[in-house]
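Worksheet: the structure to be examined is printed underneath.
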Amino acid sequence: MAEIPHFDIRNLTIAYGDVIIQEKLDFTINRGEVFVIMGGSGCGKSTLLRHLVGLMEPSIGDIFVDGVNLWQSSSEERNQIISRNGVLYQGGALWSSMTLAENIALPLTEYTDLKQKQIADVIAYKLSLVGLAGFEDYYPSEISGGMRKRAGLARAMALDPDILFFDEPSAGLDPVSSRLLDDLILELRDSLGATVVVVSHELASIFTVGDNSIFLDPNEKTIIATGSPKKLLETSDDPRVIQFLTRTT
Amino acid sequence: MIDGDVYGEEYSFSMSIDTTEKYQLIKTEDGLCLQLSGDWRFQSGIPDIDILLKHLINTQPVNLSFDCHRLENWDSGLMTFLVNLLKSCKQNNISVLQKTLPAGIHKLLQLSFAVPERKGARRAILGQPVLAKIGNVTIEMHRNWSDLLAFVGEIFFGFLNFLRGRARFRYSDLFFQIEAAGPSALLIITLISVLIGMILAFVGAVQLRLFGAEIFIANLVGLGMAREMGAMMTAIIMAGRTGAAYAAQLGTMQVNEEIDALKTMGISPIEFLVLPRLIALCLTMPLLCIYADFMGIIGGAIVSATMMDISFFQYFQQIQDFVPLKHFGVGIFKAGVFGVLVATAGCFRGLQCGRSASSVGFAATSAVVTSIVLIIVADAIITVICQIIGI
């Protein structure tokens, strides 16, 4: 029996009003793989991500999560599905009126019956995973942009989600932190079997982590290449893809 | 041809901006040579290109070359000059020998022409016709109101959840919001209410004195504050103080993707952010209104005592006799309604906010405007209803 793909996107069109950003998108994301959404600036990568995590309703087409049609199900069901996602936003998107500990605690108190002590332990553990041990009582405004991003990741991982979305994970990080983040992504995939979806145009990171990918083009307004980034580099004959993957002009 | 002929004929132009000559056109065998010299930076003045262009179009040389060995410093001033020159040469089929430019300038020029302008990128119509503008504004308004209705609906369901004890928000947030909306506003409310009470008393005093009915000043101030001004002034202060703050807070959260983060956690922003603010204002506004009523009446008492020889005792006795509690009740009820309106408008504008810093400012402004419109309209409606049912 064929395994149901984790995410199955069929004939998806994304648009703002009448302006079509991308159309006729068909792809699947399998369980336990690192899936990269590539493409130049302004081709709709982040908007596609917002569709995948359920923030925006598609103009046309369907998104199936574990075989369930996201937008045909009731809003409670949809909320259930959405809350199983972990999302790391570009700027971290920490709730600014709460400390890091409270940020991470919120999903835990909402969705689990853990006791205060256990929650505190989970918070300390998640913060240490992203190299922020001891920063529990800091407010997001008191730490640097890179730290905020890592704290955002700690929050995204709070509920041990089986799928993690990363919106431009390397943006605003120094090369070393960016590398550490890549390692962490692979670690999450290997040890937890998590599916990871990464929106990125950072080549180093794409080649390090990507198992599978799609390449969006702003002019064609659709996918012009799919497959493992490394393989694409070797086999693709589309000049636009080659140009992107080799940084040539 | 011998070399001497290259410099045979010289065209030179007087510079309007600078006294030093910055360029000279020299005739060559098959075209013209533009000799650039001196300082070509914005700060030292860039000559007007129109005279040169006019001359080039008139003479129609086959090609244009450059001589830059006397060129000293240059910046984007020279570059914009050259870009314009190249563009009009292209239009007039004059070939430009770019290689004769220094390597750096040549590279920069190539770079600026490397990516052609994207078709349709330039906004064609900047000014819309008036009718289209009216149409767009109307559509926008319609969408605004239907969004607001949808928002009110969501709040209603959120509130039902709250009554059933299932709403997801933190009680610490609620207490924080109550504190921010209530006690911290007391000072400004004291000031405004006392002054409003005094103004009412002043205005009334002049008229009532004509009839020798000064004592009725107490009725006027008491009724005015209790039924109308207490609630109204509190609401307007709170619209500017708290409503705008709500819009700015939620707007900034929208910009930082914090609202998205809540949604992807499956937590409704309506329950988590709007409900505590709404409940906080709904609870504090009636209390603030009572306080404002009292302060306004004291303001009236000050004027009566100092200007009209009505003692405090007389004044308060008069109010006790002629301003029954039901008038205070009407005002307090209104204050509760206004609280809901201010919180709704503030949160609505905040959540509606776009994703830029300027849209946060716009959200705060329109929150105040919406609140005040809603307050006045609601006040009118409640007044009519009270009239009909005879309160």
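Residues B:Q314, B:Q318: which one is open to solvent by less than 80 Å² (accessible area, probe 1.4 Å) and in contact (Cβ under 8 Å) with a residue 12 or more places away in the chain?
Checking each option against the conditions leaves just B:Q318.
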For this session: Would you check if A:G67 is within 14 Å of chain B (Cβ to nearest Cβ) and within 27 Å of A:L48 (Cβ to Cβ)?
Result: no
Exercise. Of all the residues that make up segment A:84-98, how many are out of contact with any Asp or Glu (no Cβ under 8 Å at 6 or more places or on another chain) and either at the interface with chain B (Cβ under 7 Å from one of its Cβ atoms) or over 15 Å from B:E258 (Cα atoms) (or both)?
Worked result: 1
Problem set entry | Out of B:N63, B:N93, sole residue that is assigned by TED's automatic domain parsing to the domain that holds B:L25 and in contact with an Asp or Glu (Cβ under 7 Å, 6 or more places away or on another chain) | B:N63
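For (1) charged (D, E, K, R); (2) surrounded by 24 or more Cβ atoms within 10 Å (Cβ to Cβ), each residue gets a yes or a no:
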position: B:G230; (1), (2): no, yes
position: B:Y246; (1), (2): no, yes
position: B:T252; (1), (2): no, no
position: B:E257; (1), (2): yes, no
position: B:F272; (1), (2): no, no
position: B:P286; (1), (2): no, no
position: B:I290; (1), (2): no, no
For this session: Go over the candidates B:A261, B:A235 one by one and state the one that is open to solvent by less than 40 Å² (accessible area, probe 1.4 Å) and within 14 Å of another protein chain (Cβ to nearest Cβ).
Result: B:A261
Exercise. Which of the residues belonging to segment B:264-279 are part of a helix (DSSP H, G or I) and within 14 Å of chain A (Cβ to nearest Cβ)?
Worked result: B:T264, B:P269, B:I270, B:E271, B:F272, B:L273, B:P276, B:R277
Exercise. In this structure, does B:L210 turn out to be more than 14 Å from chain A (Cβ to nearest Cβ) and touching a helix residue (DSSP H, G or I) at 6+ places or on another chain (Cβ under 9 Å)?
Worked result: no
Exercise. If you go through segment B:22-58, how many residues are assigned to a helix (DSSP H, G or I) and open to solvent by 60 Å² or more (accessible area, probe 1.4 Å)?
Worked result: 7
Exercise. Which condition number does B:G266 fail, the rest of (1) open to solvent by 10 Å² or more (accessible area, probe 1.4 Å); (2) more than 26 Å from the chain's Cα centre (by Cα); (3) free of Cβ contacts under 8 Å to residues at least 60 places away in the same chain; (4) closer than 30 Å to A:L108 by Cβ being met?
Worked result: (1)
For this session: Kindly indicate whether A:L55 is outside any loop (DSSP other than H, G, I, E, B) and closer than 25 Å to A:S205 by Cβ.
Result: no
Exercise. Would a scan of segment A:176-187 turn up a residue that is more than 19 Å from the chain's Cα centre (by Cα) and either buried (at least 16 other Cβ atoms within 10 Å of the Cβ) or under 28 Å from A:V65 (Cβ atoms) (or both)?
Worked result: no
Exercise. For A:E102, are the conditions met, namely being modelled with pLDDT of 90 or more, open to solvent by 20 Å² or more (accessible area, probe 1.4 Å) and within 11 Å of chain B (Cβ to nearest Cβ)?
Worked result: yes
For this session: Inspect segment B:122-134 for any residue being within 22 Å of the chain's Cα centre (by Cα), more than 19 Å from B:A247 (Cβ to Cβ) and surrounded by fewer than 11 Cβ atoms within 10 Å (Cβ to Cβ) and give the result as yes or no.
Result: yes
For this session: Quick one: in segment A:106-122, of everything that is under 15 Å from A:D160 (Cβ atoms) and either modelled with pLDDT of 95 or more or in a helix (DSSP H, G or I) (or both), which residue is farthest from the other protein chains (Cβ to nearest Cβ)?
Result: A:D121
Exercise. Quick check: is even one residue across segment B:50-62 in contact with a strand residue (DSSP E or B) (Cβ under 6 Å, 6 or more places away or on another chain) and farther than 17 Å from B:K22 by Cα?
Worked result: yes
Exercise. Quick one: which of A:L48, A:L25 is part of a helix (DSSP H, G or I) and either open to solvent by less than 40 Å² (accessible area, probe 1.4 Å) or touching a strand residue (DSSP E or B) at 6+ places or on another chain (Cβ under 7 Å) (or both)?
Worked result: A:L48
For this session: Specify which of the listed residues (B:E154, B:E140) is open to solvent by 80 Å² or more (accessible area, probe 1.4 Å), outside the structural domain of B:K54 (by TED's automatic domain parsing) and touching a residue at least 40 places away in the same chain (Cβ under 8 Å).
Result: B:E154
Seminar exercise, completed: segment B:141-237: helices (runs of 4 or more DSSP H) wholly inside it with 3 or more residues that are under 25 Å from B:G329 (Cα atoms) and in contact with a His (Cβ under 8 Å, 6 or more places away or on another chain) are none
Exercise. What number goes with the only condition from (1) open to solvent by 20 Å² or more (accessible area, probe 1.4 Å); (2) within 20 Å of B:S193 (Cβ to Cβ) that B:S356 does not pass?
Worked result: (2)
For this session: For segment B:366-388, state whether one or more residues are closer than 21 Å to B:A180 by Cα, of a type in the set (D, E, K, R) and crowded, with 16+ Cβ neighbours inside 10 Å.
Result: no
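Which of the following residues is assigned to a helix (DSSP H, G or I) and more than 17 Å from B:R277 (Cα to Cα): B:V369, B:V342?
After ruling out the rest, the residue left standing is B:V369.
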Exercise. Can you spot a residue in segment B:194-206 that is more than 14 Å from every other protein chain (Cβ to nearest Cβ), among the small types (G, A, S) and under 21 Å from B:E154 (Cβ atoms)?
Worked result: no
Exercise. In segment B:168-193, how many are away from every other protein chain (no Cβ under 14 Å) and under 30 Å from B:F272 (Cα atoms)?
Worked result: 10
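The values are calculated or read from the model by the stated rules, or taken from the named source; none is laboratory data. Just so it is clear, the model here is predicted, and its values are computed rather than measured. Ideal geometry is used to build each Cβ from the backbone, glycine not excepted, and the neighbour counts take in all protein chains shown. Heads up: the accessible areas ignore ligands, DNA and RNA and are worked out on the full protein's heavy atoms, side chains in. Shrake-Rupley method; radii C 1.70, N 1.55, O 1.52, S 1.80 Å.
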